[in-house]
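Undergrad: The structure is given below, and queries will be raised subsequently.
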Amino acid sequence: MKRSWLAGSLLSLLALGAIRCTNDIPTSSLPGGAGASGPGGPVGARLGRPDTNAGTWRMIVLTSANQVPVPAPSAVTSAEYRAEIATITAAQAGLTKEQQAKIDYWSTGGVLRWNEILRELVARYNLPPAPRDGAYPVPDATNPFADPQFPFANPPYAARAYSYVSVAQYEALKAAWFYKYEYRRAAPSAVDASVKALAPTGDVPAYPSEDAVMSGVAEIVLRALFPAAVDEIDSKAAEQREAALWSGRAAPSDIAAGHALGRAVAPLVMARAGSDGMRNAGGNATLWQALADGAAAKGQTPWKSLETPPRPPMLPFFGNVRGWNLTPEDFVRERPPAPPSTSSEQMRQEVAEVKNTVENLTREQLAIAYKWSDGAGTYAPPGHWNQIAADYVVGAGYSDVRTARLFALVNMAMHDAAVGCWEAKYYYFNPRPSQMDAGIKTPIGLPNFPSYTSGHSTFSAAAASVLSYAFPSRTAELDAMKDEAGLSRLYGGIHYMSDINAGKDHGRRIGGYTVEFARRDGAD
Amino acid sequence: MKVLLSTLAVLGVSGALCAQTLTDGIMMPRKDLCTGFVYEHDRWSEYWEGTLKRDNRNIGSLTTRSVVWMGTYGVTDKINVIAMLPYVSTSASQGVLHGMKGVQDLTLAVKYEALTRPLGSGSLKLFAVGSVALPLSNYTPDFYPMSIGSSSRRASARLTLSYTARHGFFANGSGAYTGRANVTLDRSAYYTDGRLYYSDEVAMPNVIDYTFSVGYRRSGLVAPFSFTQQHTLGGGDIRRQDMPFVSNRMNASRVDAGVLYYVPKVQNLALKLGATRTLTGRNVGQATTLQAGLMYTFHFGGPRS
């Protein structure tokens with residue numbers, strides 16, 4: 001009997017030992033200290049060329065890199081500056097583990113870190129309003145903590161948000177670079193041997209501090225886009241400035257000048273956001289009806305929401321929002337040709353193709369559908385491509401300003417892709433496969449807006465074209481990702497092949513406008 | 001969500017096996033094999049989004065149908081080996097979400113009667129149960145509430161104290177701790193419990209459960225009534241209007257009534273019926289489950305009276 005008891009306990013122990021339960025799941029994909037949960041790794045390799053001429057690179061919103069004045073700093077031999085050095089050495093002498101962890105976190109690069117924070121904010125706020133009394137309350141920017149929370153960071157909202165954060169950061173960093181090489185005041189760790197260099201400086205002059213510039217931009221831009229996250233944004237921004245000081249990268253006056261510069265550039269960029277048409281992108285019931293009537297007048301089955309109760313279409317007038325590198329005329333000219341008529345034989349075949357695909361999915365196809373699902377509660381398709389861009393930038397030896405340029409280019413292209421795609425979606429107001437055949441059930445969530453063209457395909461092709469320009473050796477890989485992202489929507493049962501093919505072509509053409517900008521901006 | 005099934009999957013428990021479950025106080029005698037199939041029909045139309053109870057007209061009611069094969073073998077009179085394997089399919093009555101189906105997780109358990117003491121007019125017994133659950137097919141856990149399970153490998157340790165009076169009335173108390181292995185998604189980032197994680201791997205919180213049951217049994221009939229509480233030791237809530245997630249904190253309390261009835265004139269064949277209702281919960285549906293099955297006992301040790 002003793003033996004059987006032993007056998008029993010042994011079996012349960014074996015059973016418990018057979019499973020692995022670890023809670024050590026990374027909350028960052030970046031190297032270099034995401035607290036306890038980052039993948040870790042060397043960060044010294046970052047910061048290759050200092051890009052000394054970045055102050056001459058073409059501006060996007062600002063008229064020039066020195067549009068916002070930055071006064072000359074005091075000399076490194078001045079009493080004021082000596083006192084600042086003393087502040088840093090005192091801080092470094094008493095550095096705690098937590099402070100060191102914050103230095104490591106930010107030494108990965110502020111642009112990458114803010115991009116990561118932005119992706120997290122999008123995932124947090126990418127939830128549609130819950131129905132109330134048979135209707136859907138609209139998120140209210142003046143009451144962001146309510147139910148529904150503000151914003152609903154859906155794909156167009158997210159595309160625009162990624163672009164404004166990236167462009168504001170890029171503009172402010174070009175301005176910072178202008179003054180850095182105008183005044184050429186070195187980093188404290190390079191000025192005075194008593195200051196340790198706890199994070200790489202890439203030999204870039206410290207005045208004004210690029211870290212503080214980014215923190216100032218974030219305080220204004222992120223806060224406007226995600227007002228309910230204000231405390232977290234402010235605390236991250238303050239932490240970035242502290243880390244700049246503790247690491248010996250910047251003196252208090254470098255930080256003060258950078259912070260002021262970032263806070264001065266950001267409103268110039270946000271003024272553009274305030275008048276870009278976003279406030280009218282939601283429309284109203286009369287306008288929504290007009291869209292349906294317009295499609296019906298053309299003899300087409302108009303899109304309708306398949307949610308219960310029917311949900312208003314997602315941002316139906318986002319197609320009128322101002323683009324970055326396409327004019328309104330460009331958007332009309334680049335609009336994809338009409339989809340197959342809803343009564344055509346081709347449409348019937350494409351509907352059948354979707355149904356047949358979904359009902360005979362392989363496990364690999366289902367995995368692709370989930371890999372690219374990027375639906376509610378995620379960082380959205382533009383976030384997915386920001387993640388890919390971040391993976392490419394890590395280890396590419398980019399300066400902060402060049403990293404900012406890459407994110408600005410990718411996100412301008414994806415914002416333009418969102419505008420162009422939404423313009424086409426609501427111009428044609430084409431029904432989803434599940435509307436054409438109620439028997440089509442979807443293994444991923446069904447987006448609540450018209451089918452033609454596929455947003456994923458458009459975003460992916462636009463992002464891939466910009467990334468291929470920046471990383472030409474990875475073009476084949478990017479093409480494969482773009483194609484897979486497009487096909488994932490067929491596997492998900494939410495798009496016809498013609499949506500996907502037209503979206504990819506459209507996205508590639510839209511991305512081309514940003515690539516054209518990049519070729520002429522003075523950075524290559 | 002996926003009420004009973006996920007709960008069952010979590011616990012590695014699935015109704016009565018002949019006269020045995022992982023939680024009851026009955027053993028198969030040496031060289032007896034009791035095996036059969038049970039059909040389960042589980043349905044809910046309201047669920048708890050975190051702690052907020054709501055309906056969702058894009059799901060309507062969610063139905064989970066399963067056919068569970070079960071078998072219990074008496075290695076000795078005091079050691080039983082128990083196995084079960086469900087085939088599961090899900091569907092929603094409204095909306096466009098696609099149902100899922102497939103072979104779910106194989107549960108293997110060893111049940112050991114550790115102690116028997118006469119007490120009053122009856123007897124008191126202590127049982128120890130160790131079990132593992134192993135997903136047998138590559139289903140996705142990333143489509144709750146339509147996923148057929150969590151796809152997590154699990155191991156459980158359970159103790160059961162059972163008292164049976166002379167006239168056949170019995171009372172049981174049983175509790176278990178279940179460890180759950182990380183699960184793998186088909187995507188490289190996900191948001192849960194207030195954080196964005198950059199991995200395809202999801203840490204699964206462990207689970208405790210306890211059950212109290214009372215009932216009556218005599219030759220040819222077992223009729224238990226039980227209350228079960230399940231607590232998940234961690235995990236995030238479903239956010240407002242979000243989809244559920246595999247590692248959500250899924251808690252539930254349920255009542256369960258069942259009967260196992262040996263069909264007269266057909267030797268060794270038992271009819272099994274059961275009903276379960278979820279009373280309270282968190283991140284699960286308020287499910288009603290009905291169960292019907294046939295179990296047959298083979299006496300490899302020779303016929304018995």
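Undergrad: Among the trypsin sites (Lys or Arg not before Pro) in segment A:433-524, which ones are in a DSSP loop with at most 11 other Cβ atoms within 10 Å of the Cβ? Mind listing them? Present the calculation step by step, with values, prior to reporting the outcome.
TA: Details: sites: A:Lys441, A:Arg474, A:Lys482, A:Arg489, A:Lys504, A:Arg508, A:Arg509, A:Arg519, A:Arg520; in loops: A:Lys441, A:Arg520.
Counting only loop positions with at most 11 other Cβ atoms within 10 Å, the trypsin sites (Lys or Arg not before Pro) in segment A:433-524 are A:Arg520.
Undergrad: So how long is each side of segment B:196-305 along the principal axes, counting just the alpha-carbon atoms, biggest first, in Å?
TA: Principal extents (Cα only, largest first): 62, 29, 21 Å.
Undergrad: Turning to a different aspect of this structure: What do you get for the angle between helix A:79-93 and the principal long axis of chain A? Use alpha-carbon atoms, 0 to 90 degrees, nearest ten.
TA: 70
Undergrad: Quick query: amide H of A:Thr442 versus all other amide H atoms, modeled in the peptide plane; which residues come in under 5 Å with a sequence gap of 5 or more or a different chain?
TA: Correct list: B:Leu97, B:His98.
Undergrad: When the convex hull of the C-alpha atoms of chain A is computed, what volume per residue in Å³ does it have? Could you put the intermediate results ahead of the total?
TA: Numbers: hull volume 100.4 nm³, N = 524.
Taking the convex hull of the Cα positions in chain A, it is 192 Å³ per residue.
Undergrad: Still on this model: Relative to the longest principal axis of chain A, what angle (0 to 90°, nearest 10) does the C-alpha long axis of helix A:2-17 take?
TA: It works out to around 80 degrees.
Undergrad: Also: Determine by what factor the alpha-carbon radius of gyration of segment A:247-381 differs from 2.2 N^0.38 Å, reporting the quotient. Could you put the intermediate results ahead of the total?
TA: Numbers: Rg = 22.7 Å, N = 135, 2.2 N^0.38 = 14.2 Å.
Ratio of Rg to 2.2 N^0.38 Å for segment A:247-381: 1.60.
Undergrad: In segment A:405-524, what is the volume of the convex hull around the alpha carbon atoms, normalised per residue and reported in Å³? Spell out each step's value before the answer.
TA: On the way: hull volume 10.8 nm³, N = 120.
Value for segment A:405-524: 90 Å³ per residue.
Undergrad: For segment B:181-240, what class follows from the C-alpha gyration tensor (a ≥ b ≥ c being the square roots of its eigenvalues): rounded when a/c is under 1.5, otherwise prolate if a/b is larger than b/c, else oblate?
TA: On the way: a/c = 4.45, a/b = 2.99, b/c = 1.48.
Here segment B:181-240 falls in the prolate category.
Undergrad: Summarise the long-distance tail of P(r) for segment A:341-440 by giving the % of C-alpha pairs beyond 23 Å. Display every interim value, and only then the final one.
TA: Numbers: 2519 of 4950 pairs.
Everything past 23 Å amounts to 51 percent.
Undergrad: Simple spin-label model, 7 Å along Cα-to-Cβ: A:Ser78 to A:Met59 in nm?
TA: Simple spin-label model gives 2.5 nm for this pair.
Undergrad: Within segment A:477-520, whose backbone N sits under 15 Å from a point 7 Å along Cα→Cβ of A:Asn360?
TA: So the set is A:491.
Undergrad: Also, quick follow-up: Looking at chain B, I'd like the Rg to Rh ratio, where Rg is from alpha-carbon atoms and Rh is Kirkwood's inverse mean 1/r.
TA: On the Cα set of chain B, Rg over Rh gives 0.99.
Undergrad: Anyone know which of B:Arg240, B:Arg217, B:Arg158 comes out most mobile in the 10 Å Cα GNM of chain B?
TA: Sorting by GNM fluctuation, first place goes to B:Arg240.
Undergrad: With all pairs of different alpha carbon atoms counted, what Kirkwood hydrodynamic radius in Å does segment A:420-466 show? Intermediate results must be reported in sequence, preceding the final value.
TA: Working: mean 1/r = 0.0852 Å⁻¹.
Here the Kirkwood hydrodynamic radius works out to 11.7 Å.
Undergrad: Next up: For A:Glu84, what charge total do you get from the other residues with a beta carbon under 12 Å from its beta carbon, if Lys and Arg give +1 and Asp and Glu give -1? Write out the running numbers ahead of the final one.
TA: Values: positive: A:Arg82, A:Arg185; negative: A:Glu80, A:Asp192, A:Asp254.
Net of charged neighbours comes to -1.
Undergrad: Here's another thing I want to ask about it. Write down, largest first, the equivalent ellipsoid semi-axes of segment B:239-288 in whole Å, where each equals the square root of 5 times an eigenvalue of the alpha-carbon gyration tensor.
TA: Working: eigenvalues 273, 23, 11 Å².
Ellipsoid half-lengths, sorted descending, are 37, 11, 7 Å.
Undergrad: Taking every pair of alpha-carbon atoms in segment A:84-209, what share in percent sits in each 5 Å bin, from 0 to the bin with the longest distance?
TA: The calculated distribution, bin by bin, is 2, 9, 12, 14, 14, 11, 10, 9, 8, 5, 3, 2, 1, 0.
Undergrad: Using only atoms on other chains, find how many Cβ atoms lie within 10 Å of each Cβ of peptide B:174-182 and report the average.
TA: Working: counts 0, 0, 0, 1, 2, 7, 2, 5, 7.
Per residue, the number of nearby Cβ atoms from other chains is 3 on average.
Undergrad: With angles folded into 0 to 90 degrees, how steeply does helix A:475-491 sit against the dominant principal axis of chain A? Use alpha carbons for both and round to 10.
TA: That helix lies at roughly 40 degrees to the long axis.
Undergrad: So which residue, out of B:Leu185, B:Leu106, B:Leu273, gets the largest mean-square fluctuation from a GNM of chain B using Cα contacts under 10 Å as springs?
TA: B:Leu185
Undergrad: Per residue Cα convex hull volume for segment B:54-210, in cubic angstrom?
TA: On the way: hull volume 25.8 nm³, N = 157.
Spelled out: Cα convex hull of segment B:54-210, divided by residues, is 164 Å³.
Undergrad: Anything over 32 Å Cα to Cα? Flag those among A:Lys97/A:Lys482; A:Lys355/A:Lys482; A:Lys174/A:Lys425; B:Lys78/B:Lys272; B:Lys31/B:Lys101; A:Lys180/A:Lys482, in the order listed.
TA: A:Lys97/A:Lys482; A:Lys174/A:Lys425; B:Lys31/B:Lys101; A:Lys180/A:Lys482
Undergrad: Here is a further query. Starting from the 7 Å offset along Cα-to-Cβ, what nm value, one decimal, do you get for the label separation of B:Phe300 and A:Ala290?
TA: 7.9
Undergrad: Right, next: If you average the sequence gap of Cα pairs under 8 Å that are 6 or more apart and divide by the length of segment B:40-179, what percent do you get for the contact order? Working shown, then result.
TA: Values: 333 pairs, mean separation 23.3, N = 140.
With pairs under 8 Å counted, the relative contact order is 17 percent.
Undergrad: Go through segment B:232-239 residue by residue and turn each phi into a ³J(HN,Hα) via Karplus (6.51, -1.76, 1.60, θ = phi - 60°); whole Hz please, and just put x for glycine and proline.
TA: My calculation for segment B:232-239 gives 8, 8, x, x, x, 8, 5, 6 Hz in order.
Bear in mind that the values in this text are calculations on the coordinates, not laboratory data. Here the structure is a predicted model, which means the values were calculated and not measured. Cβ: placed from backbone, ideal geometry, glycine included. Neighbour counts: every protein chain shown.
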